[in-house]
Amino acid sequence: MKSASQHWWLQRVSAVVLIPLIGWFSIAVLGQISASYEEVRAWLGHPLNGGLMIVSLFALYWHARFGLQVVAEDYVSSAVKRRWLLLAVNGILLVWIVTAVVAVCTIMGF
């Protein structure tokens with residue numbers, strides 16, 4: 001298991017990484033509001049946009065994983081329930097990240 005200080009540090013690093021990525025994502029989405037489906041696919045298919053999207057997804061995955069782990073550890077008193085909750089959360093997040101990255105890679109043509 002990781003030390004508490006390492007966990008705290010990783011949570012903060014993922015938050016700092018997400019700040020510019022969320023800004024980029026917000027501006028990018030606003031720029032695509034009136035675009036057609038094909039235009040959005042072409043935009044996401046560009047290596048820079050697709051790469052930033054994948055980095056954003058991984059940063060969001062790690063941030064959510066660490067944050068939900070802290071919530072479970074702080075608010076679920078039963079060790080058995082906490083363990084099952086963490087397994088479920090990690091499983092759901094793993095399925096989400098794999099699905100999202102495969103979708104972006106498919107659009108990018110990989």
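Here, each number is a calculation from the coordinates, and none is a lab measurement. From a predicted model like this one, the values you see are computed outputs, not experimental measurements. All Cβ positions, even for glycine, are placed from backbone atoms using ideal geometry, and neighbour counts span all protein chains on display.
Worth pointing out:
- Residue-wise HN-Hα couplings along segment 91-104, as the Karplus relation 6.51 cos²θ - 1.76 cosθ + 1.60 with θ = phi - 60° gives them from phi, are x, 5, 5, 5, 4, 4, 5, 5, 4, 5, 5, 4, 5, 5 Hz; Gly and Pro carry x.
- Helix 4-31 axis, angle to the chain major axis (alpha carbon atoms, nearest 10°): 20
- Crossing angle, helix 47-75 versus the chain [Cα axis fit, 0-90 degrees, rounded to tens]: 20
- Residue of 67, 50, 31 that the Gaussian network model of the chain assigns the largest fluctuation, springs spanning Cα pairs under 10 Å: 31
- Size of charge dipole - the chain - debye, nearest 20, with Cβ of Lys, Arg +1 and Asp, Glu -1, no other charges: 440
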